[in-house]
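The structure appears right after this line, and notes come after that.
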Amino acid sequence: MPLNRRKFILNHAALATALLPLGATVRAKAVYASGLSEVFKDDFFLGTAISNKTLSGSDPAMFKLIAQEFNTITAENAMKWQSIHPDHERWDWRLADRFVKFGHEANMLMIGHTLIWHKQTPPTVFFKSRKKQDALISRDLLRKRLRLHVQTVIDRYKRQIALWDVVNEAVTDKGRWRESHWYDIMGEEFLEQAFRAAREADPSAHLMYNDFNMEKRQKQRFVIHILNTLRKRGVTVDGVGLQCHVSLAADAPSIDALEAAIINFAKAGLRVHITELDVDVLPNAWKYKGLHIDDLPIDSDPLDPYKNGLPARIEQQLAERYQALFELFIKHRDKIARVSLWGTSDDESWKNDRPVIGRTNHPLLFDTQKRSKKAYDAIYKLKDKRAP
Ligand code: G3I
């Protein structure tokens with residue numbers, strides 16, 4: 001599906017009036033008169049993820065901020081299998097409907113995230129018995145369940161959502177199929193079945209494969225290989241999502257590695273989407289994955305150094321990292337359809353709880369008070385650099 005900008009003309013003022021209770025204000029200190037998405041309006045769509053907290057209505061100011069700054073939205077959790085289809089006969093559309101309502105009223109480009117993933121999928125999808133999770137169901141039954149899920153979700157939203165993350169994270173960094181219940185039961189066929197089901201449900205949809213660490217060469221090659229194989233079998237994948245959960249360090253990953261990934265995927269005939277951008281400013285703590293910061297067997301302070309705010313020096317580094325990333329995205333605007341942040345303000349980022357729970361990260365463009373950060377300014381100012 002071509003991404004037709006005219007279909008998504010924004011009307012932020014109307015949205016703010018329609019959605020927000022009287023008196024709700026954004027406490028942003030330095031939000032510019034026209035939002036960040038305006039800066040990139042001739043380059044790519046600019047998006048963010050909406051949390052369940054926001055969709056549940058407990059943070060109305062967040063809707064206003066998102067409508068002001070972005071023109072694209074992804075549901076951070078609300079459209080995943082576990083949320084939307086918690087049991088075989090049970091569908092829970094409440095938060096997903098709220099997402100679509102907001103997107104429709106704000107004239108946002110909406111991304112359906114995500115149809116098939118090994119995470120956030122109820123175990124009952126894969127096992128014969130609810131109690132005994134040892135016997136997996138048959139390939140035929142799982143194929144039926146996959147088709148029913150994919151087609152029911154797309155059918156419900158296809159008038160509003162035209163872009164779907166159909167399959168998420170099916171490949172390891174070493175360039176092999178990821179071991180998952182999907183793969184254990186159906187083998188590689190699950191990828192093809194997911195894209196076939198999605199294509200049947202909406203022939204004109206823009207269908208994507210989404211994964212992290214896509215700059216790693218083995219992973220990149222394997223993803224291109226499996227998507228090419230699908231194409232030869234008559235199943236078209238339109239786009240590829242580079243999640244881009246990056247770190248502050250300039251080599252994690254390097255701009256060069258990301259650039260090569262963008263170029264290689266584009267050469268393979270795929271539209272590139274930057275789907276979940278954020279910049280981790282904390283020290284690597286994967287060794288303690290899943291533990292709470294208060295329960296570490298070591299002094300936790302060095303692993304959680306910015307509890308009381310980001311020092312000016314790190315704030316500046318964060319701005320420079322974001323600037324370098326956006327300069328790269330602009331350079332390849334002919335290949336990139338969209339850049340989405342994975343959240344709007346630091347307090348709601350998944351990075352506060354991963355890999356270690358309860359740390360204070362600062363990975364996004366707005367701080368915990370919804371004030372724009374230096375990183376925001378650095379990106380916004382690219383507008384001046386690009387003026388004729
Ligand atoms: O809502 C419950 C809350 O009621 C409960 O008290 C709390 C206790 O653990 O959990 C809350 O749910 C958490 C949910 O986020 C909402 O905050 C889940 O435990 C937690 O697992 C879930 O994490 C999400 C993660 O996907 C799951 O793998 C993150 O929010 C979400 O940002 C993250 O997003 C993924 C993308 O979909 C795919 N790419 C990677 C990306 C980051 O992991």
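Laboratory data are not the source of any read-out in this text; all were calculated from the coordinates shown. Note that the structure is a prediction, hence the values are computed from the model and not measured. With ideal geometry, Cβ positions are generated from the backbone for all residues, glycine too; neighbour counts draw on all protein chains shown.
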Quick one: which of 142-155, 262-275, 64-77 comes out on top by average Cβ neighbours within 10 Å, and what's the full order, highest first? 64-77, 262-275, 142-155
Per the rule of 0.36 nm per residue minus the C-alpha distance, extending residue 307 to residue 249 adds in nm 18.9 nm
Taking a crude spin-label model, label points 7 Å out from Cα along the C-beta direction, the residue 296 to residue 101 distance in nm is 4.2 nm
Charge context of residue 348, other residues only, Cβ under 12 angstrom, K/R +1, D/E -1: -4
For segment 192-208, in order, what is each residue's ³J(HN,Hα) by Karplus, 6.51 cos²θ - 1.76 cosθ + 1.60 with θ = phi - 60°, in whole Hz (x at glycine and Pro)? 4, 5, 5, 5, 5, 4, 5, 5, 5, 5, 8, x, 9, 5, 9, 9, 10
Where does the chain land at 222 nm, in deg cm²/dmol rounded to the nearest 500, when only DSSP H runs of n ≥ 4 count, each adding -39500 (n - 2.57), divided by all residues? -10500 deg cm²/dmol
FRET E, pair residue 369, residue 138, Förster distance 41 Å, beta-carbon r, rounded to 0.05: 0.20
Calculated P(r) of segment 227-286 - Cα pairs past 17 Å, %: 49 percent
Let me spell out the model: positive unit charges on the Cβ of Lys and Arg, negative unit charges on the Cβ of Asp and Glu, origin at the Cα centre of the chain. What dipole size does that give, in debye rounded to 20? 1060 debye
Looking at the chain, send over the antiparallel percent of its DSSP beta bridges, to the nearest 5. 10 percent
Mind checking the dipole of segment 226-339: about its Cα centre, +1 per Lys or Arg Cβ, -1 per Asp or Glu Cβ, Debye to the nearest 20? 940 debye
Within straight cross-link reach of residue 132, meaning Cα distance under 19 Å, which aspartates and glutamates are found once same-chain residues fewer than 8 apart are removed? 87, 184
Computed curve, segment 196-330, Cα-only Debye sum without solvent term, log₁₀ I(q)/I(0) at 0.13, 0.17, 0.21 Å⁻¹, is -0.70, -0.96, -1.20
Separation in nanometres of the label points that stand 7 Å from Cα toward Cβ, at residue 173 and residue 131: 4.1 nm
Relative contact order of the chain, pairs being alpha-carbon contacts under 8 Å that are 6 or more residues apart, as %: 17 percent
Applying the Karplus parametrisation 6.51 cos²θ - 1.76 cosθ + 1.60 with θ = phi - 60° to the phi angles of segment 248-255, what ³J(HN,Hα) value in whole Hz is obtained for each residue in order, glycine and proline being reported as x? 5, 4, 5, 9, 10, x, 6, 4
For the chain, find the longest principal axis of its Cα atoms and tell me its angle to the long axis of helix 60-69, 0 to 90°, nearest 10. 80 degrees
If I fit a long axis through the Cα atoms of helix 94-105 and take the longest principal axis of the Cα atoms of the chain, what angle between them do I get, 0 to 90°, rounded to 10? 50 degrees
Between segment 134-209 and segment 94-129, how far is it from one alpha carbon centroid to the other, in angstrom? 13 Å
Taking the Cα atoms only, what angle lies between the long axis of helix 217-232 and the longest principal axis of the chain, rounded to 10 degrees? 50 degrees
Run the Debye formula on the Cα coordinates of segment 139-212, all scatterers equal and no solvent, and tell me log10 I(q)/I(0) at q = 0.22, 0.24, 0.25 1/Å. -0.98, -1.10, -1.15
Inverting the mean 1/r over all pairs of different Cα atoms, compute the Kirkwood radius of the chain and quote it in Å. 21.6 Å
What net charge do the residues around residue 322 carry, taking every other residue with its C-beta under 13 Å from that of residue 322, with Lys and Arg at +1 and Asp and Glu at -1? -2
